[in-house]
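For reference, the structure is listed below as structure tokens.
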Amino acid sequence: MQPPRATRRPPMFPAPEFPPRTPARFARTPPAVFPVILGLLGLGLALRTGIGALDLNLAPAEVLLGAVAVLWLFAVLAYGTKIARRPGVVIEDLRVLPGRSGLAAATMGGMAMASVLAPYAPGVAVGVLFVALALHGVTAVLLIRLLLSLPPEGREVNPTWHLSFVGFIVGAVAASGLGMPGLATGLLVLTLPVAAAIWGVSLAQLVRRIPPAPLRPLLAIHLSPAGLFCTVAALTGHILVAQIFAALGAVILLVLLGTMRWITAAGFTPLWGAFTFPLAAYATALLVLGAPWTMPGLIVLIAALGANPVLAWKVLTLWQTGSLAARTNAAEA
């Protein structure tokens, strides 16, 4: 028989911790830090290409690439420490958009690192490239398994799918520079139809409904595959294909610029990191393609030199203060 209401004991809650518990070092490293680091790596590679096209001293680009390489390595070690504490955090981070884009950008950063290392240590660069491609494949498979377990609304196509399923194309850029045109062409052929499908579905979604303001910056990711396809096609001798993707990238970029106030209506969030690597990738594409695309490429490169470091600083500052993890729902080990 249930006792009278007046005699029930109040619910018991754990006593508050004092001092408040602090997570272990790197236990909540946010994957959202990787897109801006990828943007800085892309900026350094674009600067290397641009300076080379102007026959100037490459030292500024190499200094930038060296500094960002150290930053990328530190971030990888920090997230690796988090995984070592509890491997299940990877799946938990994949459940949220900032985590998905961040983990994909982390392994894409490894492929970009292969391009950074290629002139100095090609043997090491090849090893880094294949490890990064393998890890990117693992995260893609984990994401597919996760998506299959979600309800239909959780499986909706979004721009971050370019990073997870088309991001292998960054490895094709490195493969071209490392004397592996067959691998580069193979990655181009495999990823191109995937990107086309994502572009098509995303366009249909935009026609049907307006995305929520906080997620609109992710639309900038659509520029990235066009730039990377252009670069790989130019490096492997498919100039007509490269020009087609350069033109497609120009259309996407102009649309983004024309709707920038609408895209940024929600104000700054860590998702603004999505602006950085597509801008750098498109600048590189135009510069690799050469005349008459060189001058537009230099203009895009100047824009990236102004935007990418500022956005990276804002996101890295949030990481340093510890608020980036909370704002992007990063899992804790």
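Details
- Annotation note: Cβ proximity below 6 Å between a residue of region 276-289 that is in contact (Cβ under 8 Å) with a residue 24 or more places away in the chain and a residue that is not in a helix (DSSP H, G or I) (sequence gap 6+ or interchain) occurs for L286/W293.
- Residue check, G110 of a type in the set (G, A, S) and open to solvent by 40 Å² or more (accessible area, probe 1.4 Å): no
- Residue within region 56-71 that is without any contact (Cβ under 8 Å) to a residue 12 or more places away in the chain, of a type outside the set (S, T, N, Q) and in contact with a Gly (Cβ under 8 Å, 6 or more places away or on another chain) present: yes
- Qualifying residue in region 219-241 (condition: touching a Cys at 6+ places or on another chain (Cβ under 9 Å), assigned to a helix (DSSP H, G or I) and either open to solvent by less than 30 Å² (accessible area, probe 1.4 Å) or among the β-branched types (V, I, T) (or both)): yes
- Test: residue in region 82-101 that is closer than 30 Å to I299 by Cα and open to solvent by less than 20 Å² (accessible area, probe 1.4 Å): yes
- Whenever a residue of region 175-188 is open to solvent by 30 Å² or more (accessible area, probe 1.4 Å), its partners that are assigned to a helix (DSSP H, G or I) and of a type in the set (S, T, N, Q), lying with C-beta atoms within less than 8 angstrom and at least six residues away or across chains, give the pairs G177/S115.
- Of all the listed residues (V36, V76), the sole one being modelled with pLDDT of 95 or more, buried (at least 17 other Cβ atoms within 10 Å of the Cβ), closer than 18 Å to A307 by Cα and out of contact with any His (no Cβ under 6 Å at 6 or more places or on another chain) is V36.
- L203 meets all of the listed conditions (1) of a type outside the set (S, T, Y); (2) under 23 Å from M108 (Cα atoms); (3) in a helix (DSSP H, G or I) but one, namely (2).
- Residue check, L215 open to solvent by 30 Å² or more (accessible area, probe 1.4 Å) and within 27 Å of G258 (Cβ to Cβ): yes
- Matching helices (runs of 4 or more DSSP H) fully within region 269-333 where at least 3 residues are open to solvent by 50 Å² or more (accessible area, probe 1.4 Å): 294-321
The values are calculated or read from the model by the stated rules, or taken from the named source; none is laboratory data. Predicted model only: the values in this text are computed from it and were never measured. Methodologically, a virtual Cβ is constructed for each residue, glycine included, from the backbone with ideal geometry; neighbour enumeration extends over all protein chains shown. Quick note on the areas: whole protein, heavy atoms, side chains included, nothing else; ligands and nucleic acids left out. Shrake-Rupley method; radii C 1.70, N 1.55, O 1.52, S 1.80 Å.
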